[in-house]
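Novice: Pasting a structure below so you can have a look.
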Amino acid sequence: MTLRSAPLLPALIALICGPGLAQVCQNAPTIADYIHCEIRVREHSTVEDFVSKQAAAPAAALNGNALADSAAAPDLFGASLNPARLATRSLSPNADDFAGIVNLYGLYSLWHVNNPFDYETYLNSSMWRRFALSADHSTAVDSRSSDLPGNTNTYMAKAVVYGFRDIAATASRFDKLAPELAGVSHDVGEIARLIAEYLYPIYGNGQTLLDFQSLLNGPGFRHLAAQFTREDLRTIGEKIDQYSARNIAFDQALDRAAHAIQQRPQIAVDFTSRLNYSHGANLYRGEIIADKWFSGGKWNSTSNLSYDFSNARTAATKNREILRIVEAVSVPVKTFGYWKEEPIMPSLSGEADYGTNGTPIYRAQFKLTLPLRLGWAAPLAVQYTNRTAVGPRADIKASIGLTFDLAKGIIDASTPEALRVKNAPGH
């Protein structure tokens with residue numbers, strides 16, 4: 001069955017926001033599958049604490065605030081806004097900039113009219129999350145010599161080609177990463193017994209405890225799980241966390257497995273087109289992106305290597321071929337309040353562009369990304385460049401933007417105990 005009509009984004013949001021992220025596990029066929037899923041969700045949240053998923057505009061966008069493109073994209077949909085009024089009036093281009101990014105997994109789920117958080121859909125189709133498309137629009141705001149002479153659109157297609165860190169997509173690998181996980185069946189059985197003892201007085205309906213446990217271990221579990229309340233989900237999550245806290249070897253094995261996935265090198269490729277609608281040069285970029293975590297997730301390196309072709313469209317200008325090298329280092333910092341769960345992300349980036357028919361351009365940027373509630377974040381950036389569009393004059397520009405990640409917003413709106421292992425009782 002395919003979807004033949006309906007606006008894509010409203011339909012996608014309707015599919016997701018009704019059942020919510022918890023249905024990834026709640027729709028599991030048996031209690032054992034549910035527990036395996038919950039364990040992976042918890043460890044995935046550990047990995048996600050430090051993953052930089054690019055909801056911001058592509059680095060090629062003229063008024064974006066990212067020097068480096070990240071390998072990962074939001075799981076469903078992302079957006080960013082960089083208003084000219086929230087940037088200093090510098091010699092660098094000043095424009096109102098809006099970008100949107102959509103993950104092909106969300107479009108795939110929508111096309112097949114599947115909830116993207118359905119258990120089977122999430123596990124069996126998660127490789128679609130490797131691919132993302134983004135579009136950015138920059139609108140000129142005034143007539144300074146350094147400002148955009150007209151509007152530009154920037155388009156990007158990106159794919160993770162190596163080291164995909166999604167635990168759902170690497171479930172079998174996750175289960176084999178730590179030797180202690182060989183005994184996970186015993187641990188799952190113990191957790192299932194604790195959950196059954198909690199659920200039996202509520203949903204037993206006159207059955208014996210043994211018959212009720214058989215129900216949980218069979219196809220009847222899915223019907224029962226559909227009746228779980230938020231309190232049920234919270235309590236079940238606590239029991240899983242409490243068991244992990246007591247069984248230190250089991251807990252440490254899970255953490256090692258998650259961190260092994262987190263620290264895998266991740267490589268993506270993308271193609272970007274920046275089209276100018278006032279006879280300015282068009283830019284075409286082929287790029288390789290490499291992400292790598294170091295020191296147990298204490299800091300991250302993101303590297304970009306790209307070939308740019310700047311297509312001159314007037315007789316007064318020349319085509320340019322550019323080798324672009326970017327390095328960004330970020331350090332997640334957990335402080336207080338909400339930022340204990342979602343780390344503040346300071347980063348330092350440097351860029352060097354070497355090309356024909358022009359002199360080298362160097363840029364440096366310090367950026368502080370402040371996570372906000374419901375998937376929003378505020379990147380604050382200060383950027384230095386050694387030359388601008390008006391000639392060989394150095395410039396410093398400060399800007400404030402907003403980004404939005406739909407999947408993070410759904411996580412924030414869901415039951416925290418069901419999703420965040422580090423804040424659960426006993427941890």
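Any read-out appearing in this document is the output of simple, stated calculations on the displayed coordinates, not a laboratory observation. Because the structure is a prediction, the values reported are computed rather than measured. Heads up, the Cβs are rebuilt from the backbone with ideal geometry, glycines too, and the neighbour counts pull from every protein chain shown.
Novice: If a/c stays under 1.5 just call it rounded; otherwise compare a/b with b/c (prolate if a/b is bigger, oblate if not). Do that for segment 224-353, with a ≥ b ≥ c from the square roots of the Cα gyration tensor eigenvalues. List each step's numbers first, then the result.
Specialist: Values: a/c = 3.23, a/b = 2.39, b/c = 1.35.
Verdict is prolate for segment 224-353.
Novice: Then there's this: List the residues whose amide H sits under 5 Å from the amide H of ASN151, counting only those 5 or more places along or on another chain, with H placed 1.01 Å from N in the peptide plane.
Specialist: Residues meeting the criterion, in which the H sits 1.01 Å from N, are ALA140, TYR277.
Novice: Quick one: what are the phi-derived ³J(HN,Hα) couplings along segment 198-207, Karplus 6.51/-1.76/1.60 with θ = phi - 60°, whole Hz, x for glycine and proline?
Specialist: 6, 6, 4, x, 8, 10, x, 6, x, 6
Novice: Return the long-range amide H neighbours of LYS53 (sequence gap of 5 or more, or a different chain), with a cut-off of under 5 Å between placed amide H atoms.
Specialist: Sorted by chain and number, the residues that satisfy this come to none at all.
Novice: Shifting gears a bit: Using the 2.2 N^0.38 Å rule of thumb for compact globular proteins, work out how segment 289-400 stacks up: its C-alpha Rg over that value, please.
Specialist: 1.33
Novice: Still on this model: Can you put ASP241, ASP308, ASP75 in order, fewest other beta carbons within 10 Å first? Each step should come with its number before you reach the end.
Specialist: Numbers: ASP241 22, ASP308 19, ASP75 26.
Fewest-to-most ranking of ASP241, ASP308, ASP75: ASP308, ASP241, ASP75.
Novice: Do the alpha carbons of any pairs in LYS239/LYS292; LYS158/LYS397; LYS340/LYS367; LYS53/LYS397; LYS158/LYS334; LYS298/LYS408 sit beyond 26 Å of each other, and which pairs? Intermediate values should be presented prior to the final figure.
Specialist: Working: LYS239/LYS292 34 Å; LYS158/LYS397 28 Å; LYS340/LYS367 19 Å; LYS53/LYS397 24 Å; LYS158/LYS334 30 Å; LYS298/LYS408 21 Å.
Listed pairs above 26 Å: LYS239/LYS292; LYS158/LYS397; LYS158/LYS334.
Novice: Neighbouring Cβ atoms within 10 Å as the yardstick, rank ILE191, ILE248 fewest first. Kindly include the intermediate steps, with their values, before the conclusion.
Specialist: Working: ILE191 25, ILE248 9.
So the residues, fewest neighbours to most, are ILE248, ILE191.
Novice: Now a separate question. Would you grab the residues whose amide H sits under 5 Å from the one on GLN263? Only those 5+ places off in sequence or on another chain, please, with H modelled 1.01 Å from N.
Specialist: For GLN263, whose amide H was placed from the backbone, there are no distant partners under 5 Å.
Novice: Could you give each residue of segment 158-165 its phi-based ³J(HN,Hα) in whole Hz, using Karplus coefficients 6.51, -1.76, 1.60 with θ = phi - 60°, and x for Gly or Pro?
Specialist: Ordered by residue, 3J(HN,Hα) equals 9, 9, 7, 9, 8, x, 4, 9 Hz.
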